[in-house]
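Read-outs: derived from the displayed coordinates by stated rules, not from any lab. No experiment lies behind these values; they were computed from the predicted model shown. Cβ sites come from the backbone with ideal geometry, for glycine too, and all protein chains shown count toward neighbours.
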Amino acid sequence: MKYNIKKIGVLTSGGDSPGMNAAIRAVVRSSVYHNLECVGIYRGYEGLIEGDFKALNARSVKNLINRGGTFLKSARSPEFRTKEGRKIAFNNLKEAEIDALVVIGGDGTFSGAIAFLEEYDIPVIGLPGTIDNDINGTDYTIGYDTALNTVVSAIDKIRDTAHSHNRIFLVEVMGRDAGDLALSAGIGSGAEVILIPEQNMGRERLVESLKRNKKSGKTSSIVVVSEGDKVGKNIFDVAEYIENNLKGYEVRVTVLGHVQRGGTPSCRDRVFASRLGVSAIDALLRGETNVMVGINNNKIVSVPFTDAIKGDNEIDTDLLRVADITSI
Ligand code: ATP
């Protein structure tokens, strides 16, 4: 075995997501199970540079599995993007005798790990923690399921008022580059139209589709709009276009914003995060590095960081078809 691992550092980085606490808990307890020491690094790469470390034991992570956010806190660290910043980070790890890292975050977090590993030889394993589900090589990311449920329950409430007033509601959900959240939440909430960044429907077709809904007897419509959708400059611009081109409806906009990130993690996210946390330590003990541990067809897989962050998000065409058919 190339690496002799005795002490593991764990951090959360980028946007927080529900289930990150469950993942940290599993990393800590799996370390303890394997007689390894575990150190929590606060505020992601920022805390790595500042040496903001705290030893964790099995009891340090009690009462956490049910809490959203991340008790280690998260941050965006411009300094970690510099060679100098990463050098300080590495020296801090050496000084604290940390032999390996588990980083929980999104594609930016993995890009940071790649940059770090080009310069320093220390094993690093990543876990996908983001509500966007925009990481390659894993079917799900930690927090995605909880965010979906949050969005669907918000749209259920909006539907009540849309239906009572013959309104068209545009609901913006998170996803600058990936429409997974919008598409699944749209199907799950019975939305009439779903706008995603991967597929530009165009304003005219959008209005045509809403007109068809009206003709087919619908008195209100829900349009789920991904943040990164390109139909208009922004959701308010799309709303104005609809109002000007489709008479007989009031158009309202709801931007769900950060409520989508918070809240009690779903059971699915807790179990998923626990599986990944345990698997991260297994991967380190097998001598792996430079990989994300994810899930594919319900099997734990290791995916090189470079593949995990690769390319454009691919949308599930089967789900698009389901959305089209079930919204007539
Ligand atoms: P989310 O998907 O929720 O936004 P993320 O992990 O993609 O999460 P980012 O803010 O993009 O979040 O990245 C987290 C941190 O990773 C950055 O603040 C930065 O410190 C580090 N990082 C990102 N890209 C690089 C890079 N190319 N080189 C070095 N560090 C990077």
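Residue-level check: of (1) surrounded by fewer than 19 Cβ atoms within 10 Å (Cβ to Cβ); (2) touching a residue at least 24 places away in the same chain (Cβ under 8 Å); (3) within 8 Å of the ligand (Cβ to nearest atom), P78 misses just (2).
Within the range 244-328, considering only strands (runs of 3 or more DSSP E) that don't extend past its boundaries, which have at least 3 residues that are farther than 22 Å from N136 by Cα and β-branched (V, I, T)?
Numbers: elements: 250-255, 291-296, 299-304.
Strands (runs of 3 or more DSSP E) meeting the threshold: 250-255.
Being under 17 Å from the mean Cα position of the chain (by Cα) and aromatic (F, W, Y) is the filter; apply it to the range 110-144 and report the residue that is farthest from R286 (Cα to Cα). In this case the residue turns out to be Y144.
Residues that are within 16 Å of the ligand (Cβ to nearest atom), buried (at least 20 other Cβ atoms within 10 Å of the Cβ) and outside any helix (DSSP H, G or I) within the range 32-55 comprise I41, Y42, R43, listed in sequence order.
Of all residues in the range 1-31, those satisfying the criterion of being among the polar types (S, T, N, Q), more than 15 Å from the ligand (Cβ to nearest atom) and surrounded by 21 or more Cβ atoms within 10 Å (Cβ to Cβ) are N21, S30, S31. In the range 107-161, the qualifying residues are those that are farther than 25 Å from L256 by Cα and aromatic (F, W, Y), and the one that is surrounded by the most Cβ atoms within 10 Å (Cβ to Cβ) is F110.
Counting only residues that are more than 7 Å from the ligand (Cβ to nearest atom) and in a helix (DSSP H, G or I), how many does the range 87-109 have?
Pass one, the range 87-109, residues more than 7 Å from the ligand (Cβ to nearest atom): 87-104.
With the extra rule that they be in a helix (DSSP H, G or I), the set shrinks to 87-95.
Residues meeting the conditions: 9.
Summed over the range 225-243, the residues that are outside any strand (DSSP E or B) and buried (at least 16 other Cβ atoms within 10 Å of the Cβ) give a count of 10.
On inspection, K211 fails the criterion of being under 28 Å from the mean Cα position of the chain (by Cα) and basic (K, R).
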